[in-house]
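Engineer: Structure incoming, see below.
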Amino acid sequence: MSSANPYLDAHGQDTRNVHGHDDGHGDHDGAAHGSFKGYVTGFVLSVILTAIPFWLVMDEVLPSKQATVAIILAFALVQVFVHMVYFLHMNTKSEGGWNMLALIFTLVLVLITFSGSLWVMYHMNENMMPLSIHEAKNLP
């Protein structure tokens, strides 16, 4: 008599996982796994994205410090994405897109917190003007 379950052998034993443990063959969770080429690419990009801002600062290439800071921040942002893609393997397919959704949610919260803090500090500075000498003499 044949069994309806195709994973059972002639003795009724389940043949799907004969080793009794997960041997790591196959992609079970849909997460991206890195390759040697991917890690080397990420490493080379990271070194380049670190060396260029270092050179900009050490040789004082740009006359404006504000421009230097802006370029360094841009390189830092690109390097964050390089690390997320090549080392953290974040993409829209890993874990059904939940990693990307969590990242977007975190970025929105950080943006709201950061911009709100700057807004509050700016308005506190504008509204907390120091007293003049004449006003300070009249205080009790």
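The values are calculated or read from the model by the stated rules, or taken from the named source; none is laboratory data. No experiment lies behind these values; they were computed from the predicted model shown. Cβ atoms come from the backbone with ideal geometry, glycine included; neighbour counts cover every protein chain shown.
Engineer: Within segment 77-95, does at least one residue satisfy the condition of being modelled with pLDDT of 90 or more, out of contact with any Pro (no Cβ under 6 Å at 6 or more places or on another chain), in a helix (DSSP H, G or I) and farther than 25 Å from residue 43 by Cα?
Structural biologist: no
Engineer: Could you pull out the residue among 104, 133 that is modelled with pLDDT under 85 and among the β-branched types (Val, Ile, Thr)?
Structural biologist: Every option except 133 fails the conditions.
Engineer: Name the pairs whose Cβ atoms lie under 8 Å apart, with the first residue in segment 99-119 and under 22 Å from residue 84 (Cα atoms) and in a helix (DSSP H, G or I), the second hydrophobic (A, V, I, L, M, F, W, C) and modelled with pLDDT under 90, and 6 or more positions between them or separate chains?
Structural biologist: What qualifies is 99/90; 100/90; 103/84; 103/90.
Engineer: In addition: Sort out which residues of segment 54-70 are buried (at least 16 other Cβ atoms within 10 Å of the Cβ) and hydrophobic (A, V, I, L, M, F, W, C), and write them in order of number.
Structural biologist: Correct list: 56 only.
Engineer: For segment 68-92, which positions are aromatic (Phe, Trp, Tyr) and under 21 Å from residue 58 (Cα atoms)?
Structural biologist: The one that is aromatic (Phe, Trp, Tyr) and under 21 Å from residue 58 (Cα atoms): 75.
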